[in-house]
């Protein structure tokens, strides 16, 4: 069997939530989307277009109602829960909008813990990644002892810790001022390129979107996005 030309392939992806009144609210309705190995793509999406839900479904934080999510050549729906978690740990990195660093652990420990879910802890690589993002002298600092920009850099190092095939980034510059946002985005793109990882970013920031050659309007890609209220958290 020839290798898949895509690191990520979505087909017939559907996801809905049940409203308090009992009605079913569609959130995702995506016929097809694909990302090639090493490709860097941005999805433009305002609040309510389903951008965070989409990333959470790809990452396995949420379960799709139906459809194909093929990651690194494997349809996740065909795997057992344990095998699915293992596959994601080996092939997927995630930069969350709010970073979600473990506050009781140092920068180094946050990266090492991320590695534990994949191929196993590799302190040398963890240190090299933190040095690459400019935190070689801050590896033993806990998140509260780091600036917001430095925490974002730990999040980038953590996302790359397991040598993933794909990195997801949800509004990765939303907590930063314009200068730091520009630097952080350049760091994320460059680091993914150096590691050979594909990158999928969702954002509503025009400066962020301008960095990418391939940009999709998620409201057009996701037919259900227009039905979500503008104040929703999708």
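Quick note: the coordinates plus some simple rules give every number you see, no bench work behind them. Since the structure is predicted, the reported quantities are computational estimates derived from the model, not experimental observations. Neighbour counts run over all protein chains shown; Cβ positions are idealised from the backbone, glycine included.
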Task: Theoretical FRET efficiency, 1/(1+(r/R0)^6), r = Cβ-Cβ of residue 102 and residue 75, R0 25 Å, to 0.05 - done: 0.20
TODO: Return the whole-Å distance between the Cα centroid of the stretch 106-133 and the Cα centroid of the stretch 1-62.
DONE: 28
- [ ] Before anything else, pin down the relative contact order of the chain: Cα pairs under 8 Å, at least 6 apart, normalised by residue count, whole percent.
- [x] 32
TODO: Could you work out which residue, out of 100, 43, 160, moves most in a Gaussian network model of the chain, that is, has the largest mean-square fluctuation with Cα springs under 10 Å?
DONE: 100
Open item on the list: Which of 112, 79, 221 ends up with the largest GNM mean-square fluctuation for the chain, with Cα atoms connected below 10 Å?
Closed with: 79
TODO: Would you mind putting 117-126, 203-212 in packing order, based on average other-beta-carbon counts within 10 Å, highest first?
DONE: 203-212, 117-126
Open item on the list: Whole percent per 10 Å bin, from 0 to the bin with the longest distance: what is P(r) over all C-alpha pairs of the stretch 19-58?
Closed with: 20, 49, 22, 7, 1
TODO: Have a look at the DSSP beta bridges in the chain and tell me what percent are antiparallel, nearest 5.
DONE: 50
Open item on the list: Under a crude label model (7 Å from the Cα following the beta-carbon direction), how far is residue 214 from residue 117 in nanometres?
Closed with: 2.5
- [ ] Take the chain, connect every pair of alpha-carbon atoms lying under 10 Å apart with a spring to form a Gaussian network, then pick out the residue of 202, 167, 24 with the largest mean-square fluctuation.
- [x] 24
